[in-house]
1. Please specify each residue of the range B:119-167 satisfying the condition of being surrounded by fewer than 21 Cβ atoms within 10 Å (Cβ to Cβ), in a strand (DSSP E or B) and under 36 Å from the mean Cα position of the chain (by Cα).
2. If B:Tyr200 satisfies all but one of (1) part of a loop (DSSP other than H, G, I, E, B); (2) within 31 Å of the chain's Cα centre (by Cα), what's the number of the condition it fails?
3. Return a yes/no flag: does the range A:23-43 have any residue that is out of contact with any helix residue (DSSP H, G or I) (no Cβ under 7 Å at 6 or more places or on another chain), among the acidic types (Asp, Glu) and in contact (Cβ under 8 Å) with a residue 40 or more places away in the chain.
4. Need the failing condition index for B:Leu435 against (1) surrounded by 23 or more Cβ atoms within 10 Å (Cβ to Cβ); (2) touching a residue at least 60 places away in the same chain (Cβ under 8 Å); (3) under 29 Å from the mean Cα position of the chain (by Cα), just the number.
5. Which numbered condition in (1) surrounded by 23 or more Cβ atoms within 10 Å (Cβ to Cβ); (2) out of contact with any strand residue (DSSP E or B) (no Cβ under 7 Å at 6 or more places or on another chain); (3) at positive phi is the only one that B:Gly453 fails?
6. Of all residues in the range B:613-633, count the ones that are in contact with a Lys or Arg (Cβ under 6 Å, 6 or more places away or on another chain), within 14 Å of chain A (Cβ to nearest Cβ) and surrounded by fewer than 14 Cβ atoms within 10 Å (Cβ to Cβ).
7. Mind telling me which of the residues A:Gly246, A:Gly290, A:Gly220 ends up being buried (at least 22 other Cβ atoms within 10 Å of the Cβ), under 20 Å from the mean Cα position of the chain (by Cα) and among the small types (Gly, Ala, Ser)?
8. Modelled with pLDDT under 95 and closer than 23 Å to A:Val139 by Cβ: does that describe A:Thr494?
Amino acid sequence: MEKFTLEIIQDTLVAAGDEMFQTLQRTSMSPIIYESLDYAVGITDVKGELLAQGNGVTAFLAALDSVVRATLEKFNGESVLEEGDVIIANTPYAGGGTHLSDVSVIYPVFYHKELVAFTVNKAHWTELGGTFPGSVSTVATEIYQEGLQFPFIKVKSKGKLNDALVDLIKANVRLPDSTLGDLFAGIAAAEVGAKRVISIIEKYGLKTFIKAKDDFLDYGERMCIEALKTIPNGDYEGVSEIEDNGFGEGPFPIKAKITVSDTEFIVDFNGSHPQVKGATNLSYSGLVTGCRSLFKAITTPSMNANGGAFRPMKVLCEPGTIVSAVTPSAVSVYYEVMVTTIDLIWKILAPLIPDKLPAGHMRSVCATFISGMHPDTNQFYIQAEPLAGGWGASATHDGNRGQLSCGSGESYNIPIEIREMRYGIEVEQYAFHNEGGGYGEFQGGNGQYVDYKIISDGAHVTGAFLGEKTKTWGMNGGHDGSYNYFMIIRKDGTKERHSLGTNIFLEKGDIVRCATATGGGYGDPKNRPKEQVLLDIKNGYITKKEAQEFYQI
Amino acid sequence: MRVATDIGGTFTDLVCLEFDKKSGNSLGVKVVKSDTTPSNFEQGILNTIAKGNINLKEIDFFAHGTTVVINALTERKGAKTALITTKGFRDVLEIARCNRPDLFNFNFIKQPPFVPRHLRFEVEERINYKGEINKELNTSTLKSILKTCKEENVESIAICLLHAYKNPKHEIQLLKEIFHLNSDIEIIASHQITREWREYERTSSTVLSGYVLPIAKKYLNNLEERLREKELRNAPFIMQSNGGITSINDVKSNPITMVESGPASGVFGAIALGKVIDKKDLIVLDIGGTTAKCALVENGQVKITTNYKIDHSRTKAGYPIQTPVIDIVEIGNGGGSIAWIDQGGKMHVGPKSAGASPGPAAYGRGGKNLTTTDANIITGRIHPDYFIGGEIQPDYSSIEEASRVLCEKLNASKEDVAKGILRIANANMVNALKLISVNKGHDPRDFSMIVIGGGGAMHGADLARELQVSELIIPPHAGVFSAFGMLMSDVRRDYIRTNVLTLSEKQKETILSIFSEIKDEAVLNFKADNYQQNEMKFTYYADLRYVGQEHYVKVMLTNFSKNTPLKTIIANFHSEHKKQYSFELDAPVELVNFHLVAEVEVEKPDFPKLRVTDRKVEDAIFDTKEVDFDDLGKHDTSFYRRELLEPNMMLKGPAVIAENATTTVVTPLHEVLVDEYGNLIITPQRTA
């Protein structure tokens, strides 16, 4: 009967993860947390092995366990972890790092004075200081321009808040209430998880708890190995590129070699371009997190995240490349590079496992940051958000429309009615576009336009839309999709098209049009049933002209 | 006589309270069950009326709850619907919230919208977030829109314009003009359903309302007609998702309010029972065949939420409906939930259910899978003579067959597998129960747990032990408690309106005037059903948050009037936030939604009391058998007939109390007291 007890403990850990997730969402002050759900929460064992994770985004899959391990490394000598301590960290190059905006809160859990587990969360705080609002810049050349660094600092020591640190944060960020609100939300979520872990141990005993978590990790590994067997063994390789570094330089190649066996999955990024000037760099830790999300999609997508399920995966890369950047490289646009690496492995493997991977999707987070003074309240605002676009078609269905990129997940758009109240902008249209592409037996999902009209007296926009020169990729005879870009439509009608742009000045009445790509098509367009094409015309997903040209109708 | 009928997925239930005409004393409760008739739901009701031999002429009060709305939605049997919205925004419905809940699955398929793109029309107009008109409404395209609708055989039109929650002027104008141009097509506008913000949620709510409008109207008209033929004097009341009843005419204009009426009435029945026996803090658990639902009642109040979704799961985004629904957590664990083993060798129970057909293996109708019900039989907790109302004996060979695979894969005995299933099922339910209690800052020890539904009493004692609730209550007729609850409901409407403002004395005038505006609307609505303002009771709530947050905490404004100091309200918010989330902030507080509940109390029957004879508790024992209580050991256990138990009788576990619709398991750690109404009050044994 012990077997069932272990399973119940495991399920209870997962439930505790869900609860931490909700606490953070419901108490946070940053829309990017409570709407975009750009955060993850988790529980690890004393060594930093991941036991449960609650996710909003797929991107933080390696972030939580690695950050706990790095914490253990730091507090291993003269300075040690004590009951009541809470640590914060955001160093990109160390374990669990992505960019400075993603801050981890690490909470060591003690039971009868013994360290028994960690609860941990990592969330995108809207503001951490630095040169530009939102702490993201496509023209930063060093990390010092990107905001405050927290190199594994105790924000609480033996239960006492580090007031000096709080004052320091307050003085260095543009939206101190929001930033500190997020800090307290993170601590509250970690506390909730810690309480649940302790109640499990109180009920079942520490020994059984340890047995349950070891059993759980082995279970994750077993599930993963079973799934790995369904992927054809072999060596595969491919190349992708970062088109631009924000300074008009590029492209910069990223190379991947994948080795699949029944028990191992190795991705080797050696040979990729050295780290670049600008913020389009990814740290090794960020690279692992990206690889894990793709690996999970092709092995155990329906299972809760569990450290054991990543044991068969290895990521190789020498330090100092564009996907393994080292200090003091700027990394605030890391997410675009990460999505590119995911897309690269995806493209290499998709033909082998078309039941798990569709054709290419928008391949960019298409994040924008618009800041200014609210016309009614005269308060400073920053609208930071990822955008939805088209996904690729697959062997069984048309591509989805209106879905955030693979770096997101259970993340939401910001409702128009809420954003118009909060920020000095008005939305002119929110609609699918007809920029073409994605033709196939199964049609790629349409990309979309969002038009923001500035109604405050002046504003600034920062955006990073990779894929401005490269279309999303079609598969198995399906056509490529379209491009991502953002365009400033000035009051006088002049248009400026951008891929990467930082702090571009906008006047009242200017429009920022964000265009996200249409996904790639799957299969020969000739095989698409005529009635389906006619219906697509009727619905305006494609034009008559496109139907004639690509479907011969 | 008072009658309530409840149409469920499998059965249509009828509960009738009979009174002595002269003395007014209760003559008891009549319960009738009959199969649900999906092709023609009202027939099921007529069947129960005939089966129960009930003369509608003698009925003073008739309440009704139905699944007709939720069925039309989940089975996609509603009307062909079109949408009219603001220019530039017809794709809001399809873009939805852009999320991918099955987040590790890159081959995810998004749920399609209820209205295809070619039936989503746009009109020129624009209102801003302050409710000001940026661009006047241009209706010159309406004629051509309606022409297309006609050609496409559209039966229903939903109208949802941006910021109409704040200013519905253009929606009202559109309603008028469309009605003028074409009165054949049903029309409904967002402000008639919800006055809360979030354009996708409002659009979805309006579209789904339009989608069910024709079917619900037809059903309600038929029902009214058939009941009138049978000479029912007063028009029936209809159960809504907010736990209140309303007039049939009211619900015809906004039928989406019926979407979760069944579970809501069960919870309200429990609240009504709680009032009678003086228990105001309750955890209500309803275990059916496929799911278990639970709700928390604090001081006699259950929370109302508008975050309701259909077809929603961990892997599906679902479709939101912003209508007031009582706050229920539902999980895929019921009597029919199937036990299965995944590739890594881990056993799970549910969410897949064997349903009513083929049902659990024990039904002997070809069910190949072991279910929670089968596990209860293997452990000896269900008496073979009381299996599905005593109609059939459990099919033991079928159970044997179904358990074989699990036994082999787990290398365990049938008995251990059964206990494992019950442990896992109970753990799932405990997690759901914690979600509404511990996780929201409540201590279960302060609560009584009322269990209803066919499966509630089987698991109640185990769950009560784990949660440490103060006591467990199994009411009589727990199996048909939803219908029972309707007899205990009041006429109720919830008015929720988004209007964001900072809470400060400066804003007090505005707050009072908005509430009074909403109150006037409520009074007007109730007048249409011939209720006077002096009969009405008003309860005020506000959805509050710290400035900068998105999510809010609902706070009741006790005895709200112009004299209520705002600082009391703010203090209540701080403590509620701390209770739920463990911290409070030194930040300004913002009011997001105004929420007014308007009620008219309906004259309700007293709960019938049980008579006391000089019967002894031992007289109720009809068998003694061995029952496996898992970690509490195997015990020779007395089986009691519930119908022979009387007030003030006491018995100690281990025991099993059998009745037609359910079975109550009493562990060796518990004891039972029967109260004057026949409720089984189960508590830990004092001397254990």
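The values are calculated or read from the model by the stated rules, or taken from the named source; none is laboratory data. As the structure is a computational prediction, the values presented were derived from the model and not from experiment. Reconstructed Cβ throughout: ideal geometry from the backbone, glycine too, with neighbour counts over all protein chains shown.
1. Once the filter is applied, which keeps residues that are surrounded by fewer than 21 Cβ atoms within 10 Å (Cβ to Cβ), in a strand (DSSP E or B) and under 36 Å from the mean Cα position of the chain (by Cα), the range B:119-167 yields only B:Glu122.
2. If we test B:Tyr200 against (1) part of a loop (DSSP other than H, G, I, E, B); (2) within 31 Å of the chain's Cα centre (by Cα), just (1) comes out false.
3. Checking the range A:23-43: at least one residue is out of contact with any helix residue (DSSP H, G or I) (no Cβ under 7 Å at 6 or more places or on another chain), among the acidic types (Asp, Glu) and in contact (Cβ under 8 Å) with a residue 40 or more places away in the chain.
4. Failing condition for B:Leu435: (1).
5. Looking at each condition in turn, B:Gly453 falls short on (2).
6. Here the count works out to 0.
7. A:Gly290
8. Values: modelled with pLDDT under 95: no; closer than 23 Å to A:Val139 by Cβ: yes.
In short, no.
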